[in-house]
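J.: Could you have a look at this structure, given as structure tokens, before my questions?
The values are calculated or read from the model by the stated rules, or taken from the named source; none is laboratory data. None of these values were measured; they are calculated from a predicted model. For neighbour counting, all protein chains shown are included, and Cβ atoms are generated from backbone atoms with ideal geometry for every residue, glycine included. The accessibility values were calculated without ligands, DNA or RNA, using every heavy atom of the protein model including side chains. Shrake-Rupley method; radii C 1.70, N 1.55, O 1.52, S 1.80 Å.
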Amino acid sequence: MEYKVLRVFCSRVSSLAKILLILTVATLGSRNVAAAEPFQIVGFGDSLMAGYQLNTGEGFPERLQAKLEQLGYDISVTNAGVSGDTTSGGLSRLDWSVPDGTDLVILELGANDMLRGLVPEVTEQNLEKMILRLKERGIEILLVGMYAAPNLGADYIRRFDSIYPRLAEKHGLPLVPFFLDGVVTNANLLLSDGMHPNAEGVDRIVENVLPVLKPLVAPAKKNM
């Protein structure tokens, strides 16, 4: 009699354990779905990234995120732009400015090196060090290029303008050749300083970047 009672008890315990296991798996599965995070992008650059003199929501990272969400991507774009930053400054803050879990960095630096007339070869070395660090962390990179101002002379222009295509080819990176393409020559898209984009200029930059960026964020496309 005691044996039969024990067997029934064990059978019930076993059934209860199975039920609890099923409920636990189902709960964990729902938590994993709920915990799925957006594709994480960090916009790492200078005042062109930071949104110099623009209102909240008008900077490049914010406008890029809004556009991508409109197109059906599950995306988060963090603004890690610092006005006045050089490639040297960017290199020194890279590790703490780009958090773990970042999927892609839009690397936009070098304009201030050029405006200060810094040696292009040093600019290239700094950018390459940043590229290598990000690659070591398994983070994808979209390299954003800049052109030298025409008043810096033919030799400087040649040395500076070749930096970004050379790095992109060497490290197999997607490249936006000139961040301000179609903006810097249009006064209607610039602030009064004639150097930084206004809100409309930022929207033009977003449109310039999207064709190169879309293949990189394809995993974040929602099923529409």
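J.: What residues qualify as long-range amide H neighbours of residue 110, i.e. H under 5 Å apart, gap of 5 or more or another chain, H built at 1.01 Å from N?
T.: 87
J.: Also, quick follow-up: Listed highest first by mean packing, meaning other Cβ atoms within 10 Å per residue, what order do 70-79, 182-191 come in?
T.: 70-79, 182-191
J.: I'd like to check one number: the per residue accessible area of region 65-205, probe 1.4 Å, reported in Å² as a whole number.
T.: The answer is 46 Å² per residue.
J.: Now for a different question. List the residues, sorted by chain then number, that are 5 or more residues from residue 173 or on another chain and whose placed amide H is less than 5 Å from its amide H.
T.: The answer is none.
J.: Taking 1 over the mean of 1/r across every pair of different Cα atoms in region 96-150, what Kirkwood radius in Å do you get?
T.: 12.2
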